[in-house]
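S.K.: Starting off with a structure, shown below.
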Amino acid sequence: MKIIWKKGFIRLVLVAGIIWMLLILSALLFHIWSCQSSLAFFSAFCNKDSKVFDKLYTMGLVRPPHRCPIPVADDPNTVVIPKRGSPERFVQSLSYIMEDDMASHRSESPPLFGGHQTWKQRDKSFKVKPTMKVHCGFMKNGGAEMDPKDIEYSKKCRFVVASGIFDGYDLPYQPSNISQRSRKLFCFLMVVDEESYKFIKGNVTVRKDEAGGQWVGIWRLVLLKHPPYDEPRRNGKVPKILTHRLFPHAQYSIWIDGKMELIVDPLLILERYLWRGKHTFAIAQHKHHRSVYEEADANKRRKRYARPLIDLHMRIYRYEGMEPWNPKKGTLSDVPEGAVIIREHTAMNNLFSCLWFNEVNLLTPRDQLSFGYVVYRLGGLFKFFMFPNCEYNSIFILHPHIREHSSPIEWVKTLEEFEKDPSLKETRGGLGLWNPYPGNLDLVVLPPVARTSKAG
């Protein structure tokens, strides 16, 4: 009886263990299936914020949906706006270098919007101190001047929705689902260059107010005269990244790219992505890539900039210790979707934006390559909320460009092409790619890249 009982008990434990493992496996398979389901009832079972989903996504067993519901508050009128700004922990005072020390440059060097930042100055700017002074664009006589009437208007703007159109790519799209409260609270500012301004005036009705301000629907047009760069894509980074410099009186801003139609009330966006979780900076996770080296490879395949210069950009980052993304980094990804940026204009966020812009100014204009690097160089001091890509795609309707931009530099495959045709080089941006780097980049080997998505 004892032998039979022992054998039966062992068999019972084994059977129970197998059944338990099958239940876990079934639950896991159901989780995977529900995360891919297009049926709302079943997709509701998928917790996309869970560690399980993150592990499954890392293993390639699930793919995030293109769109998903945003858990915003029900009514913008019930949103409570914080009475005080977020406390400043690491940077209490931030100021900007407005003129170059020309003694360290040739006297005939023209003024540059981003300044003649040296590699030494760049390295020093990443060392966070309570009081800091850094390069942050808008150098004297460097271009991108705002009209005085727009400067005066922006002084009253504490809450800003900003967008931009350069080189006549797009026309302004009117936001929808905007509450009356948000219409009164927010300034909707569309930054344009002179070419886009002419294009907009020739295709849509531009209304002029009594103070001389120019409007297209809800958007106030803000004209930037004298574009600071040869490359329109690089010009577009000025209002996108340096929103706090263009509109220094703003406390909160939401940036959306010019080809987007905003379909969520901006007050609900601030509540969902900043105030609810006590965040100060929010940006979406990239749909396909987590490593900057993956994104760089995709940029080369999509011909977004000269291939050898993207490689040089990445070799500099690899030389300076930038590792490919891995779960131990403590961030969801090193690569954001930069078309929507939600931020409170704290000193730390402003510093991050300046350093991010300096990378775009010094190296390639592909800002998604620089975001994760600046996060890495700040050593965990910069905190941000990276929200799911499917929510990002639910904030707006994406319209195609009116016309596609193509620059000759995007088609360059070898450095020899620059030697044959020097006119391919930019003259006012990306100069760090041509200045001697204080390190031996010849021995740098870029990490291998597994292509997990189409080029685009």
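S.K.: Filter region 171-195 for residues that are assigned to a helix (DSSP H, G or I) and touching a helix residue (DSSP H, G or I) at 6+ places or on another chain (Cβ under 6 Å); which is surrounded by the most Cβ atoms within 10 Å (Cβ to Cβ)?
M.R.: Looking at residues that are assigned to a helix (DSSP H, G or I) and touching a helix residue (DSSP H, G or I) at 6+ places or on another chain (Cβ under 6 Å), I get 182.
S.K.: Give the residues of region 385-414 that are surrounded by 13 or more Cβ atoms within 10 Å (Cβ to Cβ) and of a type in the set (S, T, N, Q), sorted by residue number.
M.R.: Scanning region 385-414 gives 389, 393, 394, 407.
S.K.: Could you tell me whether any residue of region 74-82 is open to solvent by less than 30 Å² (accessible area, probe 1.4 Å) and modelled with pLDDT of 90 or more?
M.R.: The answer is yes; a qualifying residue exists.
S.K.: To continue, here is another question. Assess whether residue 84 counts as being over 16 Å from residue 350 (Cβ atoms), in contact with a Gly (Cβ under 9 Å, 6 or more places away or on another chain) and in the same structural domain as residue 250 (by the TED database).
M.R.: For residue 84, the condition - over 16 Å from residue 350 (Cβ atoms), in contact with a Gly (Cβ under 9 Å, 6 or more places away or on another chain) and in the same structural domain as residue 250 (by the TED database) - is not met.
S.K.: Quick check on residue 222: is it in contact with a Leu (Cβ under 6 Å, 6 or more places away or on another chain) and assigned by the TED database to the domain that holds residue 135?
M.R.: yes
S.K.: Which numbered condition trips up residue 214, out of (1) over 25 Å from the mean Cα position of the chain (by Cα); (2) surrounded by fewer than 21 Cβ atoms within 10 Å (Cβ to Cβ); (3) closer than 23 Å to residue 401 by Cβ?
M.R.: All conditions pass for residue 214, except number (2).
S.K.: When you scan region 205-266 for strands (runs of 3 or more DSSP E) that lie fully inside it, which ones turn up with 1 or more residues that are of a type in the set (Val, Ile, Thr), in contact (Cβ under 8 Å) with a residue 60 or more places away in the chain and within 26 Å of residue 111 (Cβ to Cβ)?
M.R.: Filter on region 205-266 gives 219-225.
S.K.: Please enumerate the residues belonging to region 235-281 that are hydrophobic (A, V, I, L, M, F, W, C) and modelled with pLDDT under 95.
M.R.: 260
S.K.: Would you point out which residue out of 360, 374 is at pLDDT 95 or above, in the same structural domain as residue 92 (by the TED database) and buried (at least 23 other Cβ atoms within 10 Å of the Cβ)?
M.R.: Only one candidate qualifies: 360.
S.K.: Residue by residue through region 196-207, note down the ones that are touching a strand residue (DSSP E or B) at 6+ places or on another chain (Cβ under 7 Å) and open to solvent by less than 70 Å² (accessible area, probe 1.4 Å).
M.R.: Answer for region 196-207, where residues must be touching a strand residue (DSSP E or B) at 6+ places or on another chain (Cβ under 7 Å) and open to solvent by less than 70 Å² (accessible area, probe 1.4 Å): 196, 197, 200, 204, 206.
S.K.: Right, here's the next one. Which of the following residues is assigned to a helix (DSSP H, G or I) and not β-branched (Val, Ile, Thr): 129, 149, 140?
M.R.: 149
The values are calculated or read from the model by the stated rules, or taken from the named source; none is laboratory data. The structure presented is a predicted model; accordingly, all values stated were derived computationally and were not measured. Virtual Cβ from ideal backbone geometry, glycine too; neighbours counted across all protein chains shown. The accessibility values were calculated without ligands, DNA or RNA, using every heavy atom of the protein model including side chains. Shrake-Rupley method; radii C 1.70, N 1.55, O 1.52, S 1.80 Å.
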